[in-house]
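K.L.:
Below is the structure I would like to discuss, written out as structure tokens.
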Amino acid sequence: MKLASLKRGRDGLLLVVSRDLKKAVAVPNIAPTMQAALDDWAEIAPQLAEVSEKLNAGSEVDAHDFDQSAVASPLPRAYQWADGSAYVNHVELVRKARGAEMPPSFWTDPLMYQGGSDAFLGPRDDIAAASEDWGIDFEGEVAVIVDDVQMGVSPDSAAGHIKLVMLVNDVSLRNLIPGELGKGFGFFQGKPSSAFSPVAVTPDELGDAWDGGKLHRPLVCHLNGGLFGEPDAGTDMTFDFPALIAHAAKSRPLGAGAIVGSGTVSNVDRSKGSCCLAEKRMLETIESGKPETPFMRFGDRIRIEMFDEAGDSLFGAIDQQVVSYAGPA
């Protein structure tokens, strides 16, 4: 089934969405919000599945047209947003561009940071930045939402905790990051609000594209209407989602509704392009000694989407424009 959150209040109104993303129905009698559904997933999910079956069969009388621009991220805010860097070839490229060796442990121990999760952007919300000099970048990723995960969970057990899958634009402010990392205390200002796809879907909706730990479909990124990249999300993913979940839960439990991200989708074969500007700039630096592609400017638009083999959108589209932030009202 496919689920969304209509913009309403802080946590949205839970919607069940048809497979073709054309119809939706609110289900406040089952669960008022996505978080409420996840808090009691074992009991709530079968009820939502029944609604989904009726909706896809065309027999749900309360269905209305689904408007992707009217929804928030599936979880408008979450208790946890932990983003990995599962495509180690991307990390290797970053270090190569600045002439640094990559520690061997990066291939066996995932990188992960804890992002802000109190104010996610909707999939069609603007990306507001106070200055173009901040180095505004998009990052196309895949993410999963889990139910309650015990501390110390094994990767094999972690797989069973994946309840929903969605896409991410993990916005980065590249020119703020070096100064923050130089302090030795990690990201904060360089990682503003992320945006997620209009719908989150249960793994069974993905068919053969989902192997239990990886999503094997191209992630398609268009910048200002032109194709920027379409690398395959399953190829070259060094750490699958169960491994990332186990890593996140090594020293703490994860509460229902925690989100775990893959990091920027990246392939060793560069012919399919990239899912962030930084990677393209690094390739240019390696090839010619300096980057040529600029970071995003005010007015630029990024669209991130994934399609099934028939060409139908699986999650809807993240479609955002960069705008100038005038400051607090």
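K.L.:
Using a simple charge model, +1 on the beta-carbon of Lys and Arg, -1 on the beta-carbon of Asp and Glu, nothing else, what dipole does the chain show about its Cα centre, in debye to the nearest 20?
P.N.:
Here the chain has a charge dipole of around 880 debye.
K.L.:
Whole-Hz Karplus ³J(HN,Hα) for segment 191-197, in order, using 6.51 cos²θ - 1.76 cosθ + 1.60 and θ = phi - 60°, x for Gly and Pro?
P.N.:
10, x, 4, 8, 10, 10, 4
K.L.:
Per-residue ellipticity at 222 nm for the chain, helices alone: DSSP H runs ≥ 4 residues times -39500 (n - 2.57), over residue total, nearest 500 deg cm²/dmol? Numbers along the way, then the final one.
P.N.:
Details: 7 runs with 63 residues, N = 329.
Mean residue ellipticity at 222 nm (helix-derived): -5500 deg cm²/dmol.
K.L.:
Then there is this: Along the charge dipole of the chain, which of Leu227, Gly135, Gln321 sits closest to the positive end, that is, farthest toward it, with unit charges on the beta carbon of Lys, Arg, Asp and Glu (+1, +1, -1, -1)?
P.N.:
In the chain, that residue is Gly135.
K.L.:
Would you work out which of Met151, Leu215, Gly122 lies farthest towards the positive end of the dipole of the chain? Charges go on Cβ: Lys and Arg +1, Asp and Glu -1.
P.N.:
Most positive-ward Cα: Gly122.
K.L.:
Relative contact order, percent, of segment 197-251 when contacts are C-alpha pairs under 8 Å separated by at least 6 residues?
P.N.:
Numbers: 44 pairs, mean separation 13.8, N = 55.
Over segment 197-251, the number comes to 25 percent.
K.L.:
Hey, what do the phi angles of segment 16-23 turn into as Karplus ³J(HN,Hα) couplings, whole Hz, using 6.51/-1.76/1.60 and θ = phi - 60°, x for Gly and Pro?
P.N.:
Working through the residues one at a time gives 9, 10, 5, 4, 8, 6, 9, 10 Hz.
K.L.:
Anyone know which of Glu287, Glu60, Glu132 comes out most mobile in the 10 Å Cα GNM of the chain?
P.N.:
Glu287
K.L.:
What is the count of Lys pairs in the chain whose alpha carbons sit under 18 Å apart, if the two are 8 or more places apart or on different chains?
P.N.:
14
K.L.:
Roughly how big is segment 48-157's charge dipole about its Cα centre, with Cβ charges of +1 (Lys, Arg) and -1 (Asp, Glu), in debye to the nearest 20? If you can, show how the numbers build up before the last one.
P.N.:
Details: 6 positive and 21 negative charges, 89 e Å.
The calculated dipole for segment 48-157 is roughly 420 debye.
K.L.:
In sequence order, what are the phi-derived ³J(HN,Hα) couplings for segment 276-282 according to the Karplus relation 6.51 cos²θ - 1.76 cosθ + 1.60 with θ = phi - 60°, rounded to whole Hz, with x for glycine and proline?
P.N.:
After applying 6.51 cos²θ - 1.76 cosθ + 1.60, I find 7, 5, 4, 5, 5, 5, 5 Hz.
K.L.:
Per residue, how much accessible surface does the chain expose to a 1.4 Å probe? Answer in Å², no decimals.
P.N.:
Working: 14510 Å² over 329 residues.
Result: 44 Å² of accessible area for each residue.
K.L.:
Can you pull out the trypsin sites (Lys or Arg not before Pro) in segment 175-263 whose DSSP state is coil and whose Cβ has at most 11 other Cβ atoms within 10 Å?
P.N.:
Details: sites: Lys183, Lys214, Lys250; in loops: Lys183, Lys214, Lys250.
Here the trypsin sites (Lys or Arg not before Pro) that fit, given the DSSP loop and packing criteria, are Lys183, Lys250.
K.L.:
Determine the share of segment 166-312's accessible area contributed by carbon and sulfur atoms, expressed in whole percent, with a 1.4 angstrom probe. Walk me through the intermediate numbers first.
P.N.:
Numbers: 3120 of 6190 Å².
Taking all protein chains in place, segment 166-312 shows 50 percent carbon and sulfur surface.
K.L.:
Rounded to the nearest 20 debye, what is the charge dipole size of segment 138-215 about its Cα centre when +1 sits on each Lys and Arg Cβ and -1 on each Asp and Glu Cβ?
P.N.:
Numbers: 5 positive and 11 negative charges, 99 e Å.
With Lys and Arg at +1 and Asp and Glu at -1, about 480 debye.
K.L.:
While we're here: Got a number for carbon plus sulfur as a percent of segment 1-147's accessible area, 1.4 Å probe?
P.N.:
Numbers: 3150 of 6630 Å².
After summing per-atom areas, the C and S share lands at 47 percent.
K.L.:
Something else now. Long-range amide H contacts for Val323: which residues qualify at under 5 Å (H placed 1.01 Å from N, peptide plane, sequence gap of 5 or more or a different chain)?
P.N.:
When sequence neighbours closer than 5 places are left aside, the close amide H contacts are Ile127, Ala128, Ala129, Gly299.
K.L.:
Normalised by the residues of segment 1-136, what does the relative contact order come to in percent, with Cα pairs under 8 Å and at least six apart? Display every interim value, and only then the final one.
P.N.:
On the way: 191 pairs, mean separation 32.4, N = 136.
Result for segment 1-136 is 24 percent.
K.L.:
Find how many whole Å separate the alpha carbon centroid of segment 305-322 from the alpha carbon centroid of segment 134-198.
P.N.:
A separation of 19 Å, based on Cα centres.
K.L.:
Show the residues, 5+ positions off or on another chain, whose built amide H is closer than 5 Å to the amide H of Phe66.
P.N.:
Result for Phe66 returns Lys23, Ala24.
K.L.:
Using only the Cα atoms of segment 186-233, build the gyration tensor, take square roots of its eigenvalues as a ≥ b ≥ c, and label the shape rounded, prolate or oblate: rounded if a/c is under 1.5, else prolate if a/b is larger than b/c, else oblate.
P.N.:
Here segment 186-233 falls in the oblate category.
K.L.:
Here is a further query. Within the set of other residues whose C-beta is less than 15 Å from the C-beta of Ala36, count the net charge using Lys and Arg as +1 and Asp and Glu as -1. Don't skip to the answer; put the middle values down first.
P.N.:
Numbers: positive: Arg8, Arg10, Arg77, Lys163; negative: Asp11, Asp39, Asp40, Glu43, Asp147, Asp148.
Its environment carries a net charge of -2.
K.L.:
Counting only C-alpha contacts under 8 Å and six or more residues apart, can you give the relative contact order of the chain as a whole percent? Numbers along the way, then the final one.
P.N.:
Numbers: 796 pairs, mean separation 74.7, N = 329.
Normalised by residue count, the contact order of the chain is 23 percent.
K.L.:
On a C-alpha basis, how far is the centre of segment 40-111 from the centre of segment 230-292 in Å? Whole number, if you could?
P.N.:
Each part reduced to its Cα centre gives a spacing of 13 Å.
K.L.:
Now for a different question. Order the peptides 106-113, 232-239, 165-172 from the highest to the lowest mean number of other Cβ atoms within 10 Å of their residues.
P.N.:
On the way: 106-113: 14.8, 232-239: 20.8, 165-172: 26.5.
Descending mean neighbour count gives 165-172, 232-239, 106-113.
The values are calculated or read from the model by the stated rules, or taken from the named source; none is laboratory data. The shown structure was predicted, so the numbers you read here are calculated from the model rather than taken from an experiment. No Cβ is skipped: glycine too gets one built from the backbone with ideal geometry, and neighbour counts run over all protein chains shown. All accessible areas refer to the heavy atoms of the entire protein, side chains included, with ligands and DNA or RNA removed. Shrake-Rupley method; radii C 1.70, N 1.55, O 1.52, S 1.80 Å.
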